[in-house]
Structure formats: C-alpha cells, structure tokens
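One structure is given here, and the rest of the page talks about it.
What follows is calculated from the coordinates using simple rules that are stated; it is not laboratory data. Keep in mind it's a predicted model, so treat the numbers as computed, not measured. Note that each Cβ is placed from the backbone with ideal geometry, even for glycine, and that neighbours are counted across all protein chains shown.
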Amino acid sequence: MVPNPECVGRDFMMGCGRQPVASALLLYLHIPFCHRICPYCSFYKHTPGGTPVGAFVDALSAEIRGRVAGPVRTIYLGGGTPSMLSPAHLDRLFEALHASVDFQSIEEVTLEANPATFDAAKARGFRDLGVTRVSLGIQSFSAQVLQTLGREHTPDEAAGSVDILREAGIPQINIDLMFSIPGQTEEDWHETLTRAIALRPDHISAYNLTYEEDTAFFDDWKRRGMPHTEDADAAMFHLAGRELTAAGFEHYETSNYARPGMRSTHNEGYWRGEEYLGLGPSAVSTIGCMRSRNVADTAAYVARVRALGHAADTCETIDDEARRIERIALGLRTSAGIDLDWLDAAGRARASLLVDEGLAWIDGGRLALHGRGRALVDAVAAELI
C-alpha cells in the first residue's frame, strides 16, 4: 500500500493551513490484538502472530514521540484488547507516553480490558503506570449469551475482575454491557443489569448490538434475518434506563450512565466535537478541519512509522456543513442536547414538533431529547439534519 501523498510529512496535522491547535487534545491509542475475534466486532483487530507485538509497541511508541507535540487532556487505550499486552510491553508504551505528555495535567487515562486478561498484579501495574479508569468489556452476565458473543470469561470471572480492579486502587471502573444479542431475552438483560449494579461500578455503558459489515453476526443476519425487532430493542433500552437511573446512575448519553462526577471525560470530548489525535493502526484523527486515518494493517503500520514517522493513509477536509451535521448527530445523543443555532429554519420547525410530541424539550436555546425520543435518536437526527 502506498501512502496518500497528501498525508506524507507533518503538514496533514495542521489542517486547512492552520497552525496546530493550542487547546489540549484527546489522545487515542489503538491496540489491535485480541486472543480471539468476537463475531459482532467491526473494529480493526486480529490475533497476535503476523506482526511481533514488540515491533508494534516500538512503532506506537515512536508515533507517540513523533506526533504528540502539544498539551493532552485525556488518553484512551482502546482496541482490540489493550489489557492483553504484557507488563513489559505496557511499560515500554507508557514510557513513551510519560516522555511526551505531562501526566500532571491529564484529566483521565482509560484502558480497555477484558476480564480474562489480567490478574491482581497486572491490575496494580495499570494503576502504577497512571491508568485512572478501566473500561471492562463484560457484555453480559449470562453464560449462554457470553457463549453467543464468543467471550472467553464466565459471569463469575467478570464479577471477580471488578473486585480485582477495585482492590488494586483503580479510581474509576466502567462496565460495558450489550443488549439485543441473538437469543437474549428481556429476563436475561434484566439479570445482567441487576448483577452489574450490584458490583457498584462508577459507570455503565449499555449498547444496543448493531450488525456491522465484515462481521460474522452481519453475515448471519443476511442469511437468517434480524433476530430482534425495533420494539424489542426499545423495550431493552428503556429497561436499562429505568433500572440504572433508579440505582443512582445519570443517563447522560444514549448508551452511557454514570455515578455523579464519574462521566467519561474522553468520550464526552468526542460528543462535544473536540479535536483528537488517534495513533496506531486504523486510528482516526480530527485536528482543525483535517481528518486523517492511519493504515488499517499492523505490518504496514509498523513499516510506515519506521519510514515516515506516521502511518496516515487517507486525509480529508471537514467543511462547515459536515461539521454541523456531526455536531447535531453526536450532540443529540447527550443529555445536554444541541444548540438550536445549528439547525436551519426547517430543522427548527421539526424541533418544535418533537416538543409537541413529547420527545424533546427546548430550554435556553438548546434542544435535548427525552423519554421515547432518546431511543429514536438516529431517526430524529436524520430528520433535523
């Protein structure tokens, strides 16, 4: 693969002739390795083997040193499964981070983890490296549903991993859950929510399964048809809302619930349209009005970083209209909603109809969805845009 010539060098980080931004960036690091490939996941990932993990860690460390040039507000290690990196590899990676970023000014450092990939000693290592938040990919507390999802852990191992992180002194713990999984009943989902709440995490993400291309679930859906109806999806969505808010969680984004003061700072930055730098294979960056994407191939990523200092494969300019559309689509997912000034006259008229239908409220020049409207966010966004 030949790099896009517009992405060669460091000019692509400036964007539209602007100087690099002075405000602190969100920093995302993509770790592509997984022990096994889950049938629903569409993110770029693969099992170890084709590229030595050590060579990848060295390349990512080099990209950090070469591209992180200003203040950073949050760091998020996603994947893939970042927690499956060995302690030695994590040490090398965080050595590059500490050399490039002032951790005294960092508001949040999140590490995605799967329950089967760490023990007490490794969890203490996360804390010592500067991780302040671990996001656990539990997905379900039903053994049958976990088997459908291709997960390696048991319900009890999932619960035990929360205790391990808490005992290790990790300040914030998020649990990722998923609903509308093939074969999952509403009773299964209720039991999963009940067990998750009992573990007293700081944050819970509850995602409606989506069928993405290039996944086994998508191929199965094309052959057999959708196993869940929109009404069933909505019932599980609203069940999560009732159970989690009753337990003291704030429903602050379509799929995210937090204890007071425990929101995901990094993800809130995305939803507010803040600028972010993505490093690692397939990672996306948006700085100024320039968006770039690294090559989605780990071996090619390592080779390009060695040769060029970066691995950007595609670049595009985000114009004002594209930015407006994104701000509406993302902002409507949050409890803060969107500024009415982002809507044209037709959009504002449709917003008033949403209020009349009891799907939204308007206050202080902002529009936010509530009640049934929150389950219809994608359709509403399409109408308002």
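Structure above, values below:
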| item | result |
| --- | --- |
| Calculated [θ] (222 nm, deg cm²/dmol) that DSSP helices of n ≥ 4 give over the chain, each run adding -39,500 (n - 2.57) | -12000 deg cm²/dmol |
| Segments 346-353, 78-85 sorted - mean Cβ within 10 Å per residue, highest first | 78-85, 346-353 |
| Three-way shape call for segment 255-341 based on the alpha-carbon gyration tensor, with the a/c threshold at 1.5 | oblate |
| Listed peptides 279-292, 59-72 by packing density, highest first (mean Cβ within 10 Å) | 279-292, 59-72 |
| Gaussian network model of the chain, springs between alpha carbon atoms under 10 Å - residue of TYR252, TYR76, TYR28 with greatest fluctuation | TYR252 |
| Likely footprinting exposure, TRP189, TRP342, fewest C-beta neighbours within 10 Å first | TRP342, TRP189 |
| Amide H partners (placed H, <5 Å) of LEU77, local residues excluded | LEU29, THR110, LEU111, GLU112 |
| For segment 42-72 and segment 132-166, distance of Cα centres in Å | 26 Å |
| Equivalent ellipsoid semi-axes, segment 16-167, via Cα gyration tensor eigenvalues times 5, rooted, Å | 29, 18, 15 |
| Placed amide H near ASP313: partners under 5 Å, 5+ positions off or other chain | ARG293, ASN294, VAL295 |
| More than 13 Å apart - percent of Cα-Cα pairs taken over segment 109-164 | 58 percent |
| Pairwise Cα inverse-distance average, inverted: Kirkwood Rh of segment 5-271 (Å) | 19.8 Å |
| Convex hull projection area averaged over all views, segment 31-97, Cα basis, nm² | 5.1 nm² |
| Estimated vicinal HN-Hα couplings, Hz - segment 104-115 in sequence order (Karplus 6.51, -1.76, 1.60; Gly, Pro = x) | 5, 9, 6, 8, 6, 10, 9, 10, 6, 9, 9, x |
| For q = 0.17 Å⁻¹, Debye-computed log10 I/I(0) when each Cα of segment 321-384 counts as one equal scatterer | -0.46 |
| Share, in percent, of DSSP beta bridges within the chain that are antiparallel, nearest 5 | 40 percent |
| Positive-end extreme of charge dipole, the chain - chosen from VAL145, TRP189, LEU77 (charges on Cβ) | LEU77 |
| Point-charge dipole on Cβ atoms (K/R +1, D/E -1) for segment 5-271, about Cα centre, debye to 20 | 620 debye |
